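Novice: Structure incoming, see below.
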Amino acid sequence: MKRKGIIIVVSGFSGVGKGTIMKSLTSRYDQYALSISATTRDPRPGEENGREYFFVSNEEFEKLIKEDGLIEYAGYVGHYYGTPRKFVEDKLNDGIDVILEIELQGALQIKKQYKDAMLLFVMPPSAEELEKRLTGRGTEDLDVIRKRLARANEEAVGIENYDYIVINDDLDECVEQVHSIIGAAHMSSDRNQEFIDTIRKELNDLVK
Ligand code: ADP
Ligand code: 5GP
């Protein structure tokens, strides 16, 4: 039976370690395709256009929206973020799992459009540790950090929309948990209806 690709949505508060987890997961396991989003925010030091994000202007982003080039998009602390359609659809058609590292509003849009998407939320071990990581990353000024923590507080209300939560305390352990959850998602009965139907039919024919 051909393995069907599923969309895996990964969300979590800013600074919880989503980017770090995704880098480790995709370097350990080559079966995942990580979608690269378009954003209007500026690159952080060390980020490259086309690797972490496609960094675009407001006009370019609005053009993508108009052309239906994004499967979802949202505003986040003063900037647009969105998932390019073509990459996701191509990978799913090839039977490859696609990971979208996106925030809550986008996750809800995906859940509506792709019924078998799996939604996973990364939690910090504590709020204090979250603040420490966000500040320790050193890539945002205090005003932006404050806004991102305020957004975390808002997003916390939506966690129950997710299928699973993982705690990013020990990084390696968290990466393995994410990999296991995705593996288990592939074995859920509702993602295997075709196979169930096939065996049912074979069995039926056998006893006739
Ligand atoms: P996000 O993508 O969720 O905004 P990052 O991946 O940029 O977060 O991580 C934020 C900071 O936390 C980085 O400095 C990263 O090195 C650190 N970090 C990530 N995971 C852990 C962990 N398990 N323990 C300690 N620090 C971590
Ligand atoms: P950052 O600026 O820290 O890279 O990302 C800010 C937030 O935007 C994070 O919560 C991240 O998951 C989210 N994000 C990144 N790309 C996308 C996207 O394509 N769509 C949506 N909806 N959110 C995104």
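The values are calculated or read from the model by the stated rules, or taken from the named source; none is laboratory data. None of the values given here were measured: they were computed from a predicted structure. Positions of Cβ are generated from backbone atoms using ideal geometry, with glycine treated the same way; all protein chains shown enter the neighbour counts. When the accessible area is computed, the model is the full protein with side chains, heavy atoms only, and any ligands, DNA or RNA have been set aside. Shrake-Rupley method; radii C 1.70, N 1.55, O 1.52, S 1.80 Å.
Novice: Would the range 110-117 turn up any residue that is open to solvent by less than 30 Å² (accessible area, probe 1.4 Å) and in a helix (DSSP H, G or I)?
Specialist: Yes: one or more hits.
Novice: Mind telling me which of the residues Phe13, Phe54, Phe61 ends up being open to solvent by 40 Å² or more (accessible area, probe 1.4 Å) and not β-branched (Val, Ile, Thr)?
Specialist: The conditions single out Phe54.
Novice: So Thr83 passes all but one of these: (1) closer than 26 Å to Ile145 by Cβ; (2) among the β-branched types (Val, Ile, Thr); (3) touching a helix residue (DSSP H, G or I) at 6+ places or on another chain (Cβ under 6 Å). Which condition number does it fail?
Specialist: Looking at each condition in turn, Thr83 falls short on (3).
Novice: Scan (1) within 15 Å of the chain's Cα centre (by Cα); (2) open to solvent by 80 Å² or more (accessible area, probe 1.4 Å); (3) closer than 21 Å to Met22 by Cα for the single condition Glu103 breaks and write down its number.
Specialist: (2)
Novice: Mind listing just one residue for me: the one in the range 116-129 that is away from ligand 2 (no atom under 13 Å from the Cβ) and under 15 Å from the mean Cα position of the chain (by Cα) and, of those, farthest from Arg191 (Cα to Cα)?
Specialist: Only one residue fits best here, namely Met123.
Novice: Ok, one more. Quick one: count up the residues across the range 118-166 that are open to solvent by 40 Å² or more (accessible area, probe 1.4 Å), within 14 Å of ligand 1 (Cβ to nearest atom), outside any helix (DSSP H, G or I) and of a type outside the set (A, V, I, L, M).
Specialist: Looking only at that region, the number is 4.
Novice: Condition first: in contact with a helix residue (DSSP H, G or I) (Cβ under 6 Å, 6 or more places away or on another chain) and on the phi > 0 side of the Ramachandran plot. Can you find one or more residues in the range 43-50 that meet it?
Specialist: Taking every residue of the range 43-50 in turn, none turns out to be in contact with a helix residue (DSSP H, G or I) (Cβ under 6 Å, 6 or more places away or on another chain) and on the phi > 0 side of the Ramachandran plot.
Novice: Only one of (1) assigned to a helix (DSSP H, G or I); (2) at pLDDT 95 or above; (3) of a type in the set (D, E, K, R) is not met by Asp169, so which one is it?
Specialist: Tallying (1) assigned to a helix (DSSP H, G or I); (2) at pLDDT 95 or above; (3) of a type in the set (D, E, K, R), Asp169 fails exactly one: (1).
Novice: Out of all the residues in the range 64-95, which are polar (S, T, N, Q) and surrounded by 13 or more Cβ atoms within 10 Å (Cβ to Cβ)?
Specialist: Of everything in the range 64-95, just one residue is polar (S, T, N, Q) and surrounded by 13 or more Cβ atoms within 10 Å (Cβ to Cβ), namely Thr83.
Novice: Would you check if Asn168 is within 16 Å of ligand 2 (Cβ to nearest atom), in contact with a Pro (Cβ under 9 Å, 6 or more places away or on another chain) and not aromatic (Phe, Trp, Tyr)?
Specialist: Yes; evaluated as a whole, the condition is true for this residue.
Novice: Give the residues of the range 88-100 that are more than 8 Å from ligand 2 (Cβ to nearest atom) and under 14 Å from the mean Cα position of the chain (by Cα), sorted by residue number.
Specialist: Answer for the range 88-100, where residues must be more than 8 Å from ligand 2 (Cβ to nearest atom) and under 14 Å from the mean Cα position of the chain (by Cα): Val88, Asp97, Val98, Ile99.
Novice: Go through the range 26-51 and give me each residue that's crowded, with 16+ Cβ neighbours inside 10 Å and under 18 Å from Val88 (Cα atoms).
Specialist: Tyr32, Ala33, Leu34, Ser35, Ile36, Ser37, Ala38, Thr39
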